[in-house]
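Asker: Encoded as structure tokens, here's the structure I'll be asking about.
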Amino acid sequence: MNTKPLNKADPVEQLIECAFRPGTFVPGGQCFVFVRRLEEAAATIDRLVAIEPVRAVALYEAFLAGCYAKAEELDDSSGGFGQFAQDLICRWIKSRQAASADPPATASTLLAWMDNDPFCYQIEKDAAAAFDKAGLAAFEKQVRERFDTASSDKRGFHGTAPTETWRIDGPCSYPRPRVAQPGSRHPPGCAEALV
């Protein structure tokens, strides 16, 4: 009888899983110790970046997936877990660079995460510091393209064309908030009520 050997889980993945303590709620007072344990697991991956960068990328991605899953099982009122996740994203950037991954693909993935990810809140400066020259250029290019696309969109808020603008301490202009006229049959904020 010919049997295939079972694929063994990566020992570092097992270390990550143990550090997360799946199914166990982490109260705010224990979050610091919990994050320190995660940091120890991340340090194991850090050591792999120079010798096995492709494996390190996969492990960081698995680690980030674990962060998303664990976010519902802890009280991060101190912000330590969120900061750890941001640091992990920067480590992921560096490992992708060590693996000679395509800089535009790395930048594109990061921007997609920033669009939909609470861990990416105000990560721009840290991400910029993590990128090498080619990665930063790709990131800047994609951010500029997004900005140019958004600034050329004349529809304004909720797809309506703004008729007036107002300024707040600077050269940027913003659509003036519009409200329903007194006596209008529409409540303020209703799209039909905009004048």
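Asker: How many of the residues in region 47-74 are under 16 Å from Gln86 (Cβ atoms), of a type outside the set (Phe, Trp, Tyr) and surrounded by fewer than 15 Cβ atoms within 10 Å (Cβ to Cβ)?
Answerer: Adding up the residues that qualify gives 2.
Asker: Please pick out the residue among Ser95, Ser100 that is at pLDDT 85 or above, assigned by TED's automatic domain parsing to the domain that holds Cys67 and assigned to a loop (DSSP other than H, G, I, E, B).
Answerer: Ser100
Asker: Picking from Phe20, Phe25, which residue would you name as being among the aromatic types (Phe, Trp, Tyr) and touching a Gly at 6+ places or on another chain (Cβ under 7 Å)?
Answerer: Testing whether each residue is among the aromatic types (Phe, Trp, Tyr) and touching a Gly at 6+ places or on another chain (Cβ under 7 Å) leaves just Phe20.
Asker: Do we have Gln83 as within 18 Å of the chain's Cα centre (by Cα) and either outside any loop (DSSP other than H, G, I, E, B) or of a type in the set (Ser, Thr, Tyr) (or both) here?
Answerer: The answer is yes for Gln83.
The values are calculated or read from the model by the stated rules, or taken from the named source; none is laboratory data. Please read all numbers here as calculations on a predicted model, not as lab measurements. A quick note on method: Cβ atoms are made from the backbone with ideal geometry, for glycine too, and the neighbour counts reach across all protein chains shown.
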